[in-house]
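Below is one structure, written out as structure tokens; the observations come after it.
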Amino acid sequence: MNFLDPNQTALVLAPMEGVMDAPMRALIADLGGFDYGVSEFVRVGQEVVSAARILQEIPDLNGPVFGRARLPIQLQILGDSPELMAGTAIEACIAGARAIDINFGCPAPTILRRSGGSALLRTPCALTDILSAVRKALPAQIPVSAKVRLGWENPNEIDEIAKAVEAGGASWLTIHARTKQERYQPGVHWDAVARVRSKISIPVIANGDLFSSEDVARCIAETGCSHFMIGRGILKNPFLAHDIRQSLKLPILRADVPLNHSDRLRMGIERYVQLIQDQADNAGFIPSRVKQWVGMVRDISDEVPRPVLMAVKNARTAGELLQMVSAF
Ligand SMILES: Cc1cc2nc3c(=O)[nH]c(=O)nc-3n(C[C@H](O)[C@H](O)[C@H](O)COP(=O)(O)O)c2cc1C
């Protein structure tokens, strides 16, 4: 598994700390449509993170832990020390990682206080230092990539950032097409992604607000990209990767994709409950996770069907949730 083949269209599942964890990835793997996924970040603080700790945080790194469907996982790490990041990348490979991604995009205040994530975008040479240290520490067959935002406050910062990433030996670059200051405000800058693509020779994965196949078509028209990373859109429409595959004329992976939105969400929730209920450690775990999921969908869309909202509000156990959801 090469993760990203520069000559083939790729749909990549985005890392989403606190949301896209092993149970949720099991659902997405089961519904299918993605080429691979990136794990939520493993934070590298004052010391190298051990292989055992990495596996504790990302239990599905080497294969499914819920259900059977397999989605290759690229491990993401976040930190600011080249030595500790390189040491952790070695541990990650001992744990079984076959590709490493470095997070230079996280805008969370707790991360910024310790100068990780998007704080590093202000000093592009730090990106080169971290990437080259990690690159040098690993065997050549393990790809190392970077995930960035366009810059700290100005989308034009991406020109220098992308050059720094390429100089560090990254195999590809994922760009969330907003600056750190823009956080998640509406609108992405595909023009900046288009410009930077022509200035570097490594592949670029486009990311940000890809909520439909029309959004992907627009992204292709405006950037020329053929690799796409999807985050929040898959929570809204668990079959989004299939829609995109169909619109891009990629091989269709399943025939039983429901047509309407509420059936898609219902089928997603039902399958999620079935996949993880044997291993959920307390009765309220599944309803609380589904509540969080639906809460995120409401942040980006006003289309959540009312019966789903009611089920999520009232169910106290997985059984109650299933009963209420399957009744609509
Ligand atoms: C709740 C949440 C957690 C996230 N966690 C991570 C993370 O661990 N690593 C990372 O690189 N990006 C993280 N992101 C950013 C996403 O990967 C993605 O870049 C962003 O959501 C834009 O893509 P989208 O519009 O398709 O959601 C997170 C985003 C959200 C909403």
Before I look further, what does region 1-118 give for accessible area per residue, probe 1.4 Å, in whole square angstrom? 38
Specify the residue with the greatest mean-square fluctuation among Pro155, Pro186, Pro203, computed from a Gaussian network of the chain linking alpha-carbon atoms under 10 Å apart. Pro186
Per 10 angstrom bin, beginning at 0 and ending with the bin that holds the maximum distance, the Cα pairs of the chain fall in percents of 6, 27, 34, 24, 8, 1
Normalising by the residue count of region 84-149, find the relative contact order in percent from Cα pairs under 8 Å and 6+ residues apart. 47
Each residue of region 317-322 in turn: what ³J(HN,Hα) in whole Hz from Karplus with 6.51, -1.76, 1.60 and θ = phi - 60°, glycine and Pro shown as x? 10, 4, x, 4, 4, 4
Rounded to the nearest 0.05, what FRET efficiency do Arg70 and Ile252 have when you use their Cβ-Cβ distance and R0 = 25 Å? 0.85
What is the total of Lys pairs in the chain with C-alpha atoms under 21 Å apart, excluding same-chain pairs fewer than 8 positions apart? 10
Counting only residues 5 or more apart in sequence or on a different chain, those whose built amide H sits under 5 Å from that of Gln74 are Gly37, Val38, Ser39
So the carbon and sulfur contribution to the accessible area of the chain, 1.4 Å probe, in percent, is 49
Ordered by number, the chymotrypsin sites (Phe, Trp or Tyr not before Pro) in region 172-230 that occupy a DSSP loop and have at most 14 other Cβ atoms within 10 Å are Tyr184
Compute the Cα gyration tensor for region 62-145, then decide on rounded, prolate or oblate, letting a ≥ b ≥ c be the square roots of its eigenvalues: rounded whenever a/c is under 1.5, prolate when a/b is larger than b/c in the other cases, and oblate in all that remain. oblate
Sparse-neighbourhood loop sites, trypsin sites (Lys or Arg not before Pro) in region 10-70 - DSSP loop, at most 16 other Cβ within 10 angstrom: Arg68, Arg70
Under 10 Å, Cα contacts only: if you run a Gaussian network model on the chain, which one of Gly187, Gly231, Gly67 comes out with the highest mean-square fluctuation? Gly187
Grab the DSSP H runs of the chain that are 4 residues or longer, score each as -39,500 (n - 2.57), total them, divide by all residues and round the 222 nm result to the nearest 500 deg cm²/dmol. -13000 deg cm²/dmol
What do you get for Rg/Rh over region 261-326 if you use C-alpha atoms and the Kirkwood form of Rh? 0.94
Leaving out ligands and nucleic acids, and using a 1.4 Å probe, what accessible area per residue does region 167-256 come to in Å²? 40
Using alpha carbon centroids, what distance separates region 212-229 and region 136-156, in Å? 21
For a label point 7 Å from the Cα of Gln8 along Cα→C-beta, name the residues of region 53-82 whose backbone N is under 14 Å from it. 72
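The values are calculated or read from the model by the stated rules, or taken from the named source; none is laboratory data. Computed from a prediction, not measured in an experiment: that's the story for all the values here. Methodologically, a virtual Cβ is constructed for each residue, glycine included, from the backbone with ideal geometry; neighbour enumeration extends over all protein chains shown. These area figures cover heavy atoms from the full protein model, side chains too; ligands, DNA and RNA do not enter into them. Shrake-Rupley method; radii C 1.70, N 1.55, O 1.52, S 1.80 Å.
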